[in-house]
Amino acid sequence: MTKLMEWLFGVSVVLAAWVLIAFDPLDLSVPHTYREVAFPMPLYLLVSFGCYSLATVGYRVATFNDCQEAAEELQAQIKEAKQDLRRKGLKI
């Protein structure tokens with residue numbers, strides 16, 4: 001089973017459970033308080049996922065490793081390209 005199929009299966013199970021609790025199509029006599037809690041649950045999950053994503057991106061940016069050798073190599077390539085362009089008559 002591919003990862004996409006796993007995610008789609010998981011989302012469909014959660015969605016089916018939410019529909020059963022929030023709308024009670026099978027007359028399961030779900031208490032009204034459960035419906036009140038379950039109905040806005042997708043919005044809460046979406047906001048929670050957004051907060052988690054923002055925190056993850058922020059953490060990864062804050063702990064991003066610098067690679068000094070690659071930076072020096074890139075600077076050397078830029079200088080070499082500028083010198084090559086100057087030899088060909090381009091003014092930088």
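Worth pointing out:
- Note on segment 60-77: residues that are among the acidic types (Asp, Glu) and open to solvent by less than 100 Å² (accessible area, probe 1.4 Å) amount to 0.
- Leu28 being open to solvent by 80 Å² or more (accessible area, probe 1.4 Å) and within 17 Å of the chain's Cα centre (by Cα): no
The values are calculated or read from the model by the stated rules, or taken from the named source; none is laboratory data. It should be emphasised that the depicted structure is a prediction, and the values quoted were computed from it without experimental measurement. Remember, those area values only see protein heavy atoms, side chains included, never the ligands or the DNA or RNA. Shrake-Rupley method; radii C 1.70, N 1.55, O 1.52, S 1.80 Å.
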